[in-house]
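Contents: one structure, followed by commentary.
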Amino acid sequence: MTTSAADKAAPLVALTDARMQFGAVRALDGVSLEIRAGECLGLVGHNGAGKSTLVNVVNAGLTPTGGSVSFPASGAPSARGAGVRSVFQELSLCPNLTVAENLKIAHEGLKGLRWRGAARAEIRESLDRVFPGHGIDADAEVDTLSIAQRQMVEIAIGFAPRGQAAQLVILDEPTSSLDGGIAQQLLTHVRRFCEAGGAVIFISHMLGEIFEVASRVIVMKDGKVVADRPAGEFTRKGLVDAMGHVAPEGTGAAAAERRIGVEVVRTPEGLTAREGEIVGLSGLAGHGQAEALARLYLDTASAWRRPGAARMVFVAGDRGRDGVLPLWSILRNVSVSILPEIARRGLLDRTREAAVAKDWKRRIGIRTDDVANPILSLSGGNQQKVLFARALASAAPVVVMDDPMRGVDVGTKQDVYAMIRAEAAKGRTFLWYSTETEEVRQCDRVFVFRDGAISAELTGADITEERILEASFEMQDAG
Amino acid sequence: MSALIARPWIWSWLAAALAFALTVSLTGGRGAGELAYAALSFGAFAAIVGMGQMLVITLGPGNVDLSIPATMTLAGTLALKAMGSDPGTAAMGLAIALAVGLGVGLANFALIYLLRLPPIIATLAASLIYQSLAIWSNRGLRIKPPEGLADFSTGRTLAVPNVAWVGLAIAVVVWVVLERSTWGRWLMATGQNMRAARLAGVPVQRVRFATYLAVAVLAGLTGYLLASFSGGAALNMGQEYLLMSIAVVVIGGSSIAGGYSNVPGVWGAALFMFLVVSMLNSYGAPAGLRLVLTGTIIIGIVIAASTRRVRT
């Protein structure tokens, strides 16, 4: 590839007023952005701020619903042709194949009988360049590698030439499973790569890394770019402030009217909840909140004992995996947790079951003309309402919620908040994991998780986005 | 009518009716009663074990009981040996057959749950042990069932074979349990998504345990009835029921992926499996062709029955 001085000035990728709409949700709300060769762009923002959507629009995983994406420097029509590579946080390697074979999957040019040797040499060279002294065998099957080694392989594949040099590499939380030394190797390589004329988009919640590696920082919030400046113009505190405005309205107000009773939940990691209390679990996604809740529930509800009166119910956030029973109607999905309560001598009272489902369809506003319709006929948000109804219909004193508002529209959210407060006033306890600050502010007490452990416990007026972020990011020097 | 066609069980009944009509048309209507009677008699055995297999398959992917033939043989052998053709021992024999079923179910689930073996491996391996126990206790003897029991199992009430009445009664019970009871809902929830069911408060291991017990008890009962019906236990008496029990579930319109079961369909499929063989026999199809046709017909029905299905 020949690059004249004039070409260098042209951006590798240019987004013009890019918009991405998922149903009613504006994941990307008019973003214009240019990335030039030699730049390392730090991208920060909360979960749900639109970072992943932006990245997916850049690498052509998503076609924007408005605006445009172009690759002026190369003139290529597609991200692939322009040398855009992505390394995602969720590992995308095939565990049953070797390291070299995984490179082959990403490298269409490797053909013929000798591809194995070529793949082996290429991945070895790339690993050596990014992570000197890595100790990974190119013939090792991926499932024999540790999580960190897998992440290293994934990164090495991202930077490998694969027939055409990488121009822009997108790294989404690349260091989340790497230890300090290895992460440092990666940062060094990123700097070297950018000095040599490559570009990188670096997404991280570790602000220290952002400052170490980024030449320019972009802050996203609610699908918009709210700040776009050279990295030198930001301070840590300024960056955190830019990520989230703190609107203190409503803080602690919910607690006033309610009586908080005796402690009803206590887990080994120190999570506690009292009668009538709404307890939040916060922090960055994937730091052990969902696991803590699932463990708590599974330890309480036996897979063997008949649940006479359930002590705890669970509202799933990952609907497909943890919640929806896909072959069933809305009615049966609502009633599954209260079957022992609506049965006499093991036989169901179907009139009562229908009445409960109809009542909840009205109360929580499930958009369907008949609860006998299949659950899969509903939109995601409405399926989520069904799961809410399932839990709230039971009389269980403790309700465990694993990020339960995904895809639920704003109006319903307000209704559900009110419902949760009303139920808590009756003495029910809620444990509520959420990635949204607005929801966390509904809570009386919040536990912030980092790396699978509780890093802070906040109550009342202390429940602010700033305090949660501080506790999430381990910023001893802040504040 | 369209609502009827949407029911997955209708296909096995249509197929059974068609096979019946084709067979009878060959003889110009003669022998229709005899054919129906034979289909009900032999179909009953397939239907009872089929319903057991259906419950297990409803538990979800990977769940199946391959020890049904060995359980039938062991239950039939031990029951008939204990009765020793003595009059008045029928109830004792039944108790033994059911106890064998309970024991087998317990052992199967212990292997599955405690040793975490896949059910296919666990039940297949355990069936070798059950079969060996049967061989060891049988030693080639063919003991006749007590006279009263033999008369019952080969007799009829209101022109319908007694074994078919038993099969019908069991079908009604299984249907009520599946469609109207807490336990049935739990079973179907478990089969759709075990993790989601667990998180919705379903005691999934308890459900699985009860299901593996149920299939083995039904197999024990079938072994007892079949041995009495055919004048004594034989070591190969369960053989054809391995494939049969699975085929009737699939043809009957239950979901092979679990979570959805269909009781009437199993009965229709059990009748069909007998009738299709008699039909091919009466048209003089050679053995090889008969198997090929049977296989082809089964595939056709499964495709027809596997329309989209959702329960209300």
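Restricting attention to segment A:361-385, the residues that are within 14 Å of chain B (Cβ to nearest Cβ) and in contact with a helix residue (DSSP H, G or I) (Cβ under 9 Å, 6 or more places away or on another chain) total 12.
Just one of the numbered conditions (1) touching a residue at least 60 places away in the same chain (Cβ under 8 Å); (2) closer than 20 Å to residue B:62 by Cβ is not true of residue B:250: (1). Here residue B:44 fits the description: buried (at least 24 other Cβ atoms within 10 Å of the Cβ) and touching a strand residue (DSSP E or B) at 6+ places or on another chain (Cβ under 9 Å).
Evaluate the following for residue B:249: is it part of a helix (DSSP H, G or I) and either within 14 Å of another protein chain (Cβ to nearest Cβ) or closer than 28 Å to residue A:324 by Cβ (or both)?
It is true that residue B:249 is part of a helix (DSSP H, G or I) and either within 14 Å of another protein chain (Cβ to nearest Cβ) or closer than 28 Å to residue A:324 by Cβ (or both).
Within segment A:363-386, the set of residues being closer than 20 Å to residue A:415 by Cα, hydrophobic (A, V, I, L, M, F, W, C) and outside any loop (DSSP other than H, G, I, E, B) comprises A:364, A:386. What do you reckon, is residue A:306 within 11 Å of chain B (Cβ to nearest Cβ), in a loop (DSSP other than H, G, I, E, B) and modelled with pLDDT under 90? For residue A:306, the condition - within 11 Å of chain B (Cβ to nearest Cβ), in a loop (DSSP other than H, G, I, E, B) and modelled with pLDDT under 90 - is met. If I filter segment A:279-303 down to residues being over 16 Å from residue A:455 (Cα atoms) and touching a Ser or Thr at 6+ places or on another chain (Cβ under 8 Å), which single residue comes out as surrounded by the most Cβ atoms within 10 Å (Cβ to Cβ)? Per the criteria, the residue is A:296.
Close contacts from segment B:161-183, counting a first residue that is within 14 Å of chain A (Cβ to nearest Cβ) and a second that is of a type in the set (Phe, Trp, Tyr), with Cβ to Cβ under 9 Å and a gap of 6+ residues or different chains, come to B:177/B:183.
Inspect all residues belonging to segment A:309-322 and state whether any of them is more than 29 Å from residue B:173 (Cα to Cα), within 7 Å of chain B (Cβ to nearest Cβ) and assigned to a helix (DSSP H, G or I). The answer is yes, given that some residue of segment A:309-322 is more than 29 Å from residue B:173 (Cα to Cα), within 7 Å of chain B (Cβ to nearest Cβ) and assigned to a helix (DSSP H, G or I). Report yes if residue A:388 is aromatic (Phe, Trp, Tyr), buried (at least 22 other Cβ atoms within 10 Å of the Cβ) and within 14 Å of chain B (Cβ to nearest Cβ), otherwise no. Yes.
Segment B:31-129 holds helices (runs of 4 or more DSSP H) entirely within its bounds, and those carrying 1 or more residues that are over 16 Å from residue B:227 (Cα atoms) map to B:32-58, B:90-114. Among the residues of segment A:326-345, those identified as under 16 Å from residue A:389 (Cα atoms), facing chain B (nearest Cβ under 9 Å) and among the aliphatic types (A, V, I, L, M) are A:331, A:336, A:338, A:339, A:342.
Restricting attention to segment A:261-290, the residues being at pLDDT below 80 and under 17 Å from residue A:461 (Cα atoms) number 0. Residues in segment A:31-89 that are of a type in the set (Ser, Thr, Tyr) and under 24 Å from residue A:160 (Cβ atoms) were compared, and the one that is surrounded by the fewest Cβ atoms within 10 Å (Cβ to Cβ) is A:78. Return yes or no: is residue B:206 of a type in the set (Lys, Arg), under 30 Å from residue A:294 (Cα atoms) and surrounded by fewer than 17 Cβ atoms within 10 Å (Cβ to Cβ)? The answer is no for residue B:206.
A Cβ distance below 8 Å, combined with a sequence gap of six or more or placement on separate chains, defines the contacts here; from segment A:333-355, residues that are assigned by TED's automatic domain parsing to the domain that holds residue A:370 reach residues that are surrounded by fewer than 20 Cβ atoms within 10 Å (Cβ to Cβ) and of a type in the set (Lys, Arg) in the pairs A:340/A:306; A:342/A:352; A:347/B:180; A:348/B:180; A:350/B:180. In a residue-by-residue description of segment A:283-298, the property of being without any contact (Cβ under 8 Å) to a residue 40 or more places away in the chain, farther than 19 Å from residue A:440 by Cα and assigned by TED's automatic domain parsing to the domain that holds residue A:459 applies to at least one position. Screening segment B:193-203 for residues that are within 7 Å of another protein chain (Cβ to nearest Cβ) and surrounded by fewer than 24 Cβ atoms within 10 Å (Cβ to Cβ) and picking the one that is farthest from residue A:319 (Cα to Cα) gives B:203.
The values are calculated or read from the model by the stated rules, or taken from the named source; none is laboratory data. Because the structure is predicted, anything quoted here is derived from the model rather than measured. Cβ coordinates were reconstructed from backbone atoms using ideal geometry, including for glycine residues, and neighbour counts include every protein chain displayed.
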